[in-house]
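The values are calculated or read from the model by the stated rules, or taken from the named source; none is laboratory data. Since the model is a prediction, treat every value here as computed from it, not as a measurement. Backbone-built Cβ (ideal geometry, glycine too); neighbour counts: all protein chains shown.
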Amino acid sequence: MSSQAANDRRPVGRPREFDPEVALERAMRLFWAKGYEGASLSDLTAAMGINRATMYANFGSKEELFRRALDRYENGAAACGFTTLNRPTIKEAVEGLLYGSLEALTAPEHPGCFTVVGALASSDESESVRQALSESRNERLRAWTQRFEQAQAQGEIPAEPSASALARYVLTVLHGMTVQARGGATLDELREMVDVALGALPFASSR
C-alpha cells in the first residue's frame, strides 16, 4: 500500500467547533480587566480563540461586542448589585452590597466593577460606550434610590438626606472601592473603607 493511500484512509480530525457563548465570556473578562479602549482587537481575538473575520461575522463591531459583553456582565456577575435589594432591612441590603463585594474586588478574576473599569480612560471616540456604561450605572442608581425611599417610608431611616443622595453615596463608595482595588488595596483595607462608609449612614446607630 502506498503512503498516499495510507494517508487517504486516516480519519480526518474534526475542526474545533466555535462556541459563541464561550467566546463572549472570554471577551467580557478581557473588557472587564482592560476596559473598552485597553482591549485591542488583537487582544480580543486572541482571548476568544478566533480570527477577526469570525469575530465580525458573529459579533459585528468591537462596540457591539462590548455591548453584548456588558449585557452578559449585568445578567451574571453584576446581579449581586440588585439581589441584596431584597434583604429585609436597608441596613442588611447595603451591608450585603458592600461587604459582599470585598472578595470579588480583590480576586484576580474579578477586577472591580465592569461599568467603572470599562469607562476608564475613554476618549471622545468612545462616547457611545461611555453612554452605555453610564446608563448601566444609572439603572443601579434608580434601583437603590427606590430601595432607600422604601426604607424611609417604612421609618427605617430619616427622611433626610434624600434617598437619591444616600443611593449615590453607597454606589460612589462601591465604585471607589473598584479604583482602590485596582491600585493594590488589600482586602483588609477595603473592609476598613466599608466600615467607615457604613458608619456615616443614618442606620449606623443600630449596628
Residue check for residue 183: surrounded by 13 or more Cβ atoms within 10 Å (Cβ to Cβ) and assigned by TED's automatic domain parsing to the domain that holds residue 107: no
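Are any of the residues in segment 108-128 more than 24 Å from residue 195 (Cα to Cα), modelled with pLDDT of 85 or more and outside any helix (DSSP H, G or I)?
No, that holds for no residue.
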Sole miss for residue 66 among (1) crowded, with 18+ Cβ neighbours inside 10 Å; (2) on the phi < 0 side of the Ramachandran plot; (3) at pLDDT below 80 is condition (3)
Could you figure out which of (1) at pLDDT below 85; (2) surrounded by fewer than 19 Cβ atoms within 10 Å (Cβ to Cβ) isn't true of residue 88? (1)
Residue 26 versus (1) modelled with pLDDT of 90 or more; (2) over 28 Å from the mean Cα position of the chain (by Cα): which is the lone unmet condition? (2)
For segment 174-185, give me each residue that is in contact with a helix residue (DSSP H, G or I) (Cβ under 7 Å, 6 or more places away or on another chain) and either outside any helix (DSSP H, G or I) or free of Cβ contacts under 8 Å to residues at least 24 places away in the same chain (or both). 180
Of 56, 36, which residue is hydroxyl-bearing (Ser, Thr, Tyr) and either crowded, with 20+ Cβ neighbours inside 10 Å or modelled with pLDDT of 95 or more (or both)? 36
Part of a helix (DSSP H, G or I), free of Cβ contacts under 8 Å to residues at least 24 places away in the same chain and assigned by TED's automatic domain parsing to the domain that holds residue 89, is that true of residue 165? yes
Yes or no: residue 167 of a type in the set (Gly, Ala, Ser) and buried (at least 16 other Cβ atoms within 10 Å of the Cβ)? yes
